[in-house]
Ligand code: AMP
């Protein structure tokens, strides 16, 4: 190992140089190939400079070997990587470029028609990944762990997306915690299907696997049939990580398959050792349906752009449906009331997280950063939860998912979970509609299944059989579409527009 190497992920890669690292559309690559390609990238970015000294380098590439080489190359040149979403339209990209003050963008020809004008008007350098890979590698700067590494844009707080900044030390702590919790080893092989501008795809499914010396196989895009086929042939995948929507698509694909194919899929899933779900609440019904498909109990975990992973069901031991488990290794969690007093079991409160995994700051926003930390360094997640028999359960976001009706605090997620079991409902979103008498009324915006109909009486009767009556919707709106974010997660609709009375 090169003693001079100070970026932990690079130091580790040097330790398993002859092992396979990446499988992608371009081919199969060893850690040695990744080290070589990232050094070339770093030199292409540096030009005549000896260190990028924290310059922001945006990265807009499809899931590929080039993406990984570019990310590590930016780090090795002393830059801060700013991953861009490959499907974002110009105004959103412009916001990230302007807010981060990026000086270069690494990209591929297919994105140049969109990025070219954005780069030109800002005087930002556009660098093709293929050109960078052809550069000659030379001397690279020493990049200490305390230096900034990654800027991921997130809408976790009100207002436009903010860049959450982490240092190499923080990214390393986040990876170390995941590797320890899920016992990721160099014989692991993940099938990666997640977007690479979001924490889940970058940290959990890519960097943590590389940190452990495993293989990351990048699919250019998620396709349910291809994923299920890949599990079967050859039987070398050991890990899979996804959002609940992806698990819903996999189970729908399985439902549509014939009996012999279903049996073959279930058999193939047995050779994986772990399926992880996160980034959104996993409905208990989905956990059960996926268990029928795979004979695995999905491990649900909770994380956030600002903290990496925070809570998770255990690798060994009971995975409880509807719960997000216990703190990750090295992570501290607590629930507090409105006055900041720490709560015990069975009391709902605001979730706070502390540890070496917590981000550094929102880029260029000291006031917004200060607002999310307590005086003693706890990060206020904005999520509300409860701890029951040692396990945390999320009740929703502090903002829109926690409703107050007739003086009761109720979780929109909990109601959605119950209503999702209604045979006519394909998607449901529960919101609080302001009301003079009740404070808020529970309202459900529903997409019905094809050919199905639903009225409020039916919905209330169904809800009442499952929930306390104050949780039962008093308003119903059948809709064709619900707003979604870049991850496909349903967002709360604009209540004022939807529920006009
Ligand atoms: P992001 O920063 O985009 O990863 O979003 C983080 C937010 O996603 C958290 O603050 C939670 O509100 C939500 N989230 C993440 N994991 C879960 C989960 N397992 N269940 C419910 N919500 C989750």
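How about region 461-477: which of its residues are surrounded by 12 or more Cβ atoms within 10 Å (Cβ to Cβ) and either within 16 Å of the ligand (Cβ to nearest atom) or more than 14 Å from residue 430 (Cβ to Cβ) (or both)?
464
Would you please name the residue that is nearest to the ligand (Cβ to nearest atom), looking only at residues in region 314-331 that are under 25 Å from residue 166 (Cα atoms) and part of a loop (DSSP other than H, G, I, E, B)?
Here the answer is 324.
Pull out all pairs, ordered by first then second residue, where Cβ-Cβ is under 7 Å, the residues are six or more apart or on different chains, the first lies in region 284-296 and is on the phi > 0 side of the Ramachandran plot, and the second is buried (at least 18 other Cβ atoms within 10 Å of the Cβ) and in a helix (DSSP H, G or I).
Every condition considered, the pairs that remain are 295/269.
Suppose we filter 185, 176 for residues that are in contact with a helix residue (DSSP H, G or I) (Cβ under 8 Å, 6 or more places away or on another chain) and modelled with pLDDT of 95 or more; which single one remains?
From the options 185, 176, the qualifying one is 176.
Please state which one of 416, 458, 398, 388 is surrounded by 18 or more Cβ atoms within 10 Å (Cβ to Cβ) and out of contact with any helix residue (DSSP H, G or I) (no Cβ under 8 Å at 6 or more places or on another chain).
Result of the check over 416, 458, 398, 388: 416.
Filter region 31-67 for residues that are in contact with a helix residue (DSSP H, G or I) (Cβ under 7 Å, 6 or more places away or on another chain) and under 17 Å from residue 105 (Cβ atoms) and give the result.
If the condition is that a residue be in contact with a helix residue (DSSP H, G or I) (Cβ under 7 Å, 6 or more places away or on another chain) and under 17 Å from residue 105 (Cβ atoms), then 41, 42, 44, 45, 52, 56, 57, 58, 59, 60, 61, 66 are the ones that fit.
Can you say whether residue 450 is within 30 Å of residue 88 (Cα to Cα), modelled with pLDDT of 90 or more and part of a loop (DSSP other than H, G, I, E, B), as far as the supplied structure shows?
yes
Given the criteria at pLDDT below 95, surrounded by fewer than 19 Cβ atoms within 10 Å (Cβ to Cβ) and either away from the ligand (no atom under 16 Å from the Cβ) or within 27 Å of residue 187 (Cα to Cα) (or both), does residue 338 qualify?
The answer is yes for residue 338.
In region 214-229, which residue that is part of a loop (DSSP other than H, G, I, E, B) and under 18 Å from residue 29 (Cβ atoms) is modelled with the lowest pLDDT?
The extreme case among them is 220.
Anything in region 478-495 that is part of a loop (DSSP other than H, G, I, E, B), at pLDDT below 80 and more than 15 Å from the ligand (Cβ to nearest atom)? List them, or say none.
Those that are part of a loop (DSSP other than H, G, I, E, B), at pLDDT below 80 and more than 15 Å from the ligand (Cβ to nearest atom): 493, 494.
Given the condition closer than 17 Å to residue 139 by Cα and buried (at least 23 other Cβ atoms within 10 Å of the Cβ), answer yes or no: does some residue in region 78-100 qualify?
yes
Taking the stated definitions as given, is residue 74 within 21 Å of residue 41 (Cβ to Cβ) and part of a loop (DSSP other than H, G, I, E, B)?
no
For (1) within 16 Å of the ligand (Cβ to nearest atom); (2) over 18 Å from residue 85 (Cα atoms), each residue gets a yes or a no:
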{"residue": "162", "(1), (2)": "yes, no"}
{"residue": "166", "(1), (2)": "yes, yes"}
{"residue": "190", "(1), (2)": "no, yes"}
{"residue": "194", "(1), (2)": "yes, no"}
{"residue": "202", "(1), (2)": "yes, no"}
{"residue": "206", "(1), (2)": "yes, no"}
{"residue": "214", "(1), (2)": "no, yes"}
{"residue": "217", "(1), (2)": "no, yes"}
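Among the residues of region 297-313, how many are touching a residue at least 40 places away in the same chain (Cβ under 8 Å) and either within 14 Å of residue 273 (Cα to Cα) or more than 10 Å from the ligand (Cβ to nearest atom) (or both)?
Here the count works out to 2.
Check off (1) at pLDDT 95 or above; (2) touching a helix residue (DSSP H, G or I) at 6+ places or on another chain (Cβ under 9 Å); (3) under 20 Å from residue 196 (Cα atoms) for residue 90 and give me the number that stays unchecked.
Tallying (1) at pLDDT 95 or above; (2) touching a helix residue (DSSP H, G or I) at 6+ places or on another chain (Cβ under 9 Å); (3) under 20 Å from residue 196 (Cα atoms), residue 90 fails exactly one: (1).
Looking at 393, 397, which is the one that is within 30 Å of residue 154 (Cβ to Cβ), within 16 Å of the ligand (Cβ to nearest atom) and modelled with pLDDT of 80 or more?
Being within 30 Å of residue 154 (Cβ to Cβ), within 16 Å of the ligand (Cβ to nearest atom) and modelled with pLDDT of 80 or more holds for just one of 393, 397, which is 393.
Where residues in region 230-280 are touching a residue at least 40 places away in the same chain (Cβ under 8 Å) and part of a strand (DSSP E or B), which of them is nearest to the ligand (Cβ to nearest atom)?
Filtering first and then ranking leaves 276.
Within region 350-386, restricting attention to residues that are part of a strand (DSSP E or B) and away from the ligand (no atom under 15 Å from the Cβ), which residue is farthest from residue 98 (Cα to Cα)?
Residue satisfying both the conditions and the ranking: 354.
The values are calculated or read from the model by the stated rules, or taken from the named source; none is laboratory data. No experiment lies behind these values; they were computed from the predicted model shown. Every residue, glycine as well, gets a Cβ built from its backbone with ideal geometry; the counts of neighbours run over all protein chains shown.
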